Amino acid sequence: MRSELFAQDHFEQQSRERWTRQSDRMLRVGLGPDVVATKGAMVAYQGRMSFRHEGAGSIGKLMKKVLTSEDAPMMRVAGEGEVFFARQARHVFTVLLEGEALSVGSASLLAFDDTLAWDIRRVGGAGLMAGGLFNLELSGHGVLALCSDGPPMILDCSGQPTFVDPQAAVAWSANLVPGIQNDLSMGSLLRGGSGESFQLAFSGPGFVVVQPSEGVPVVRQG
């Protein structure tokens, strides 16, 4: 059988590394140690694996998940072999944390070492009109994987105030505390607005990762 489908680039990339990008849109993680992933991120695995729901881990985080409706359900992957993660053909990146912390939009989180701690953070000033914005903060020692809907851009927030569409923000420095920039006025509300009423406002030493997309539109049943 002959086909360009069987080109060497399409075969699994063998590696001794635990975290390996198979391509710019797919990630391979070797087990051993457990990995925590967002549900629905697994696309294939080889070996013997078990997948189970990952709870909040504490009453405090459980209450945050209930009160914030944080929509990043997680699963714990355990076993021996390799598991492959991807999401909607988005670009995949890994980040090694060495005692640092990183804030991540839940829609951009793919998977992380179970050695990393995580918690839910609320964006200051994000009330009902902004949809109630929350993110996950990961910290400690280990690797996490992010996905970006297209090639990302890194913005330095230290030189001047920086404003980002909430759906375009992939991750940012944990020392930055974003607020909400609200450009909505009664006049613009009556005229239909611009569609860009709320932005995340960043200021200070740090960076924000921005994707060239506002994400997959959510179709609401009505």
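Here are the numbers:
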read-out	value
Close pairs (6 angstrom Cβ cut-off, 6 or more residues apart or separate chains): under 14 Å from residue 108 (Cβ atoms) and at pLDDT below 90 in the range 129-146, open to solvent by less than 30 Å² (accessible area, probe 1.4 Å) and among the acidic types (Asp, Glu) anywhere	134/70
Check on residue 156, touching a strand residue (DSSP E or B) at 6+ places or on another chain (Cβ under 8 Å), over 27 Å from residue 22 (Cβ atoms), open to solvent by 50 Å² or more (accessible area, probe 1.4 Å) and modelled with pLDDT under 85	no
Any pair with Cβ under 9 angstrom, 6 or more apart, that starts in the range 153-179 at a residue that is under 16 Å from residue 102 (Cβ atoms) and ends at one that is in a loop (DSSP other than H, G, I, E, B) and of a type in the set (A, V, I, L, M)	157/176; 177/123; 178/123; 178/126; 178/133
Meets criteria (on the phi > 0 side of the Ramachandran plot and modelled with pLDDT of 95 or more) for residue 99	yes
Residue pairs meeting the criteria (Cβ under 9 Å; at least 6 apart or on separate chains; first in contact (Cβ under 8 Å) with a residue 40 or more places away in the chain and closer than 13 Å to residue 173 by Cβ, in the range 200-212; second assigned to a loop (DSSP other than H, G, I, E, B) and hydroxyl-bearing (Ser, Thr, Tyr))	203/158; 204/158; 205/158; 206/158; 207/158
Pairs with Cβ under 6 Å, 6+ apart, first in the range 21-48 and open to solvent by less than 20 Å² (accessible area, probe 1.4 Å), second part of a loop (DSSP other than H, G, I, E, B)	30/18; 36/114; 38/72; 41/87
Filter result for residue 217 (modelled with pLDDT of 90 or more and under 17 Å from the mean Cα position of the chain (by Cα))	no
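The values are calculated or read from the model by the stated rules, or taken from the named source; none is laboratory data. No experiment lies behind these values; they were computed from the predicted model shown. Counting neighbours? That spans all protein chains shown, and the Cβs are built from the backbone with ideal geometry, glycine included. Quick note on the areas: whole protein, heavy atoms, side chains included, nothing else; ligands and nucleic acids left out. Shrake-Rupley method; radii C 1.70, N 1.55, O 1.52, S 1.80 Å.
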